[in-house]
Amino acid sequence: MRTMWTFVGCIALSAHAADPLEQEVSIGADFGELDLRNDQHRLRGNVRIQQGELSIVADEAVASALQTDDSRWTFERAVHLQTAEVDLKSNTATAAFSNGLTDAKVTGTPAVFEQRQASEDKQAKGRAGQIEYDVPKGIVTLKNDVWFSYGGNEFRGNVVVYNVREERVVVNPEGQNNGRVNITIRPRNGVKLPAARPNESKSGS
């Protein structure tokens, strides 16, 4: 039997519920072991967390401090996190709620990111050993053997920082020894670049 909970104590409710961070959090799972005295909780089987457009599903989750404004979660196996902006998939994840989801970190082999509600020519997606998501700022940081694509153009490096709202990409930020940056730019609208002719580069010699 599937079990459903609604935790009101861990969030701030609004009479108008205009802000998605002020909506109640509903939690569902097939099995729940709840330590109410110590505020430590373990959920197993079809775990689902829902708050407005935010959803997190996983096979298992452990939560602490649910009855406060600063709860912490760990998710295991088949983790899928969605907000209005991003879609993240991984093997494991951690998340923090402070009057709503504030940040999440997903790890996997690999972890996968995709921007939601973007046109094909502005679609951003990527893979990495670890992905960090700063929810209030809308910034996704991919680390460790990163492959990242925006509108078909590809970026490879050890760290890629992507601002979802400004559509800004930073590969291997300065001040960090992150190795080489490799970028592949693809022609738009399916137009192929003309092939170089023999000895073309030697013209004028």
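Quick notes
- Hey, residue 82 crowded, with 19+ Cβ neighbours inside 10 Å, under 20 Å from residue 132 (Cα atoms) and polar (S, T, N, Q) or not: no
- First in the stretch 115-136 and in contact (Cβ under 8 Å) with a residue 60 or more places away in the chain, second anywhere and assigned to a loop (DSSP other than H, G, I, E, B), Cβ under 8 Å, 6 or more apart: 121/151; 121/152
- Extreme residue, nearest to the chain's Cα centre (by Cα), among residues of the stretch 67-84 that are under 27 Å from residue 148 (Cβ atoms) and not in a strand (DSSP E or B): 83
- Residue count, the stretch 85-102 (criterion: within 11 Å of the chain's Cα centre (by Cα) and either touching a residue at least 40 places away in the same chain (Cβ under 8 Å) or more than 18 Å from residue 144 (Cβ to Cβ) (or both)): 6
- In this structure, residue 146 does not satisfy being touching a Pro at 6+ places or on another chain (Cβ under 7 Å) and modelled with pLDDT under 95.
- One residue stands out among those in the stretch 1-46 that are assigned to a loop (DSSP other than H, G, I, E, B), of a type in the set (S, T, N, Q) and at pLDDT 50 or above: the one that is farthest from residue 65 (Cα to Cα), which is 23.
The values are calculated or read from the model by the stated rules, or taken from the named source; none is laboratory data. Bear in mind the structure is a predicted one, so any value in this text is a computation, not a measurement. Glycine gets a Cβ as well: all are built from the backbone with ideal geometry, and neighbour counts include every protein chain shown.
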